[in-house]
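Everything below concerns the one structure shown next.
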Amino acid sequence: MADHANMRLGRKAIKTDSRTLMMANYLKPTMPPPPPSADWTKGITSWGMMLNDTLGCCTIAGAAHAVQVWSANTGTEITVPDPTILSYYEQWDGYVQGQANTDNGGVELDVLNAWQKNGFADRKLLAFADPKPSNLLEIRQSIHMFGGVYIGIALPNTAQKQDVWDVVKNGGADAKAGSWGGHCVFVPKYDEHGFTCITWGAPKTMTLAFWKKYCDEAHVLLSEVWLTEKGCPAGFNQDQLQADLKAIK
């Protein structure tokens with residue numbers, strides 16, 4: 001049985017911004033439905049803990065796992081080294097080494113805005129757009145087209161010792177959303193039964209029921225390398241997205 005009780009989380013409360021692009025606005029009505037499954041994890045054998053066993057740096061670890069997936073599927077796999085993870089946790093989430101009271105995690109929106117503005121580990125983020133976490137069609141379409149989604153989960157205590165994350169019926173207070181805390185992960189895989197994220201150095205599968213109950217934040221990251229190598233997905237209105245980006249002040 002899995003035992004994640006001593007692992008760290010680190011996703012702070014959700015921050016919203018009326019200027020955030022919504023994924024639904026760029027999915028054309030003529031777009032074909034996503035395939036029954038998609039898996040961008042193939043060939044990656046070592047994911048890296050990304051310091052998330054000792055620090056609440058999941059917002060940075062999630063970004064690093066996105067880079068890992070994109071690079072493995074467009075060329076040579078890149079694993080962001082721990083000193084780089086630490087550096088961005090300090091820059092973007094305010095951590096100060098040796099001061100435990102500053103190890104408070106981060107806000108996904110803040111991390112993504114900083115990434116879009118400044119780059120992360122030599123990887124440019126052209127934009128990000130939000131699918132609705134409850135709209136599984138949008139979520140699957142996003143993973144299929146762009147290699148994954150960067151999400152937030154309000155983890156329950158019951159998730160600490162589950163091999164597959166699932167809803168525990170009659171779990172009481174321990175099954176309550178957020179009773180363990182908020183967590184950020186990158187999700188590069190799905191099938192008809194659920195979704196697979198990368199966390200604490202390994203893939204972790206969650207059921208559809210778990211996703212529907214506990215996933216409360218989702219962002220599609222538009223990587224410059226991904227779009228350059230893969231091209232714009234059929235049915236995705238990149239021209240409109242670029243126009244909307246320019247209009248944001």
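The values are calculated or read from the model by the stated rules, or taken from the named source; none is laboratory data. The structure presented is a predicted model; accordingly, all values stated were derived computationally and were not measured. Cβ atoms come from the backbone with ideal geometry, glycine included; neighbour counts cover every protein chain shown.
Looking at 129, 114, 64, 72, just one residue is among the aliphatic types (A, V, I, L, M), outside any helix (DSSP H, G or I), modelled with pLDDT of 95 or more and surrounded by 14 or more Cβ atoms within 10 Å (Cβ to Cβ), and that residue is 129. Residues in the stretch 202-214 that are in a strand (DSSP E or B) and either at pLDDT below 95 or under 18 Å from residue 174 (Cβ atoms) (or both): 2 in all. Enumerate the pairs (first residue in the stretch 126-148 and of a type in the set (Asp, Glu); second residue anywhere and surrounded by fewer than 22 Cβ atoms within 10 Å (Cβ to Cβ) and assigned to a helix (DSSP H, G or I)) with beta-carbon separation below 7 Å, excluding pairs fewer than 6 apart on the same chain, so at least 6 apart or on different chains. Hits for this filter: 138/24. For the stretch 34-61, a residue qualifies if it is of a type in the set (Asp, Glu) and assigned to a loop (DSSP other than H, G, I, E, B), and exactly one does: 53. Could you check, for the stretch 44-61, whether at least one of its residues is of a type in the set (Ser, Thr, Tyr), farther than 25 Å from residue 164 by Cα, surrounded by fewer than 13 Cβ atoms within 10 Å (Cβ to Cβ) and more than 18 Å from the chain's Cα centre (by Cα)? Within the stretch 44-61 (the criterion being of a type in the set (Ser, Thr, Tyr), farther than 25 Å from residue 164 by Cα, surrounded by fewer than 13 Cβ atoms within 10 Å (Cβ to Cβ) and more than 18 Å from the chain's Cα centre (by Cα)), the answer is no, since none of the residues qualifies. Listed by first and then second residue, the pairs with beta-carbon distance under 6 Å, at least 6 apart or on different chains, first residue in the stretch 154-170 and of a type in the set (Asp, Glu), second part of a strand (DSSP E or B), are 166/207.
Residue count for the stretch 1-43 under the criterion of being farther than 29 Å from residue 54 by Cα, in contact with a Ser or Thr (Cβ under 9 Å, 6 or more places away or on another chain) and of a type outside the set (A, V, I, L, M, F, W, C): the result is 1. Considering 158, 207, the condition of being among the polar types (S, T, N, Q) and surrounded by 18 or more Cβ atoms within 10 Å (Cβ to Cβ) is satisfied by 158 alone. Looking only at the stretch 24-40, decide whether some residue is among the β-branched types (Val, Ile, Thr) and either surrounded by 16 or more Cβ atoms within 10 Å (Cβ to Cβ) or modelled with pLDDT of 95 or more (or both). Among the residues of the stretch 24-40, not one is among the β-branched types (Val, Ile, Thr) and either surrounded by 16 or more Cβ atoms within 10 Å (Cβ to Cβ) or modelled with pLDDT of 95 or more (or both), which makes the answer no.
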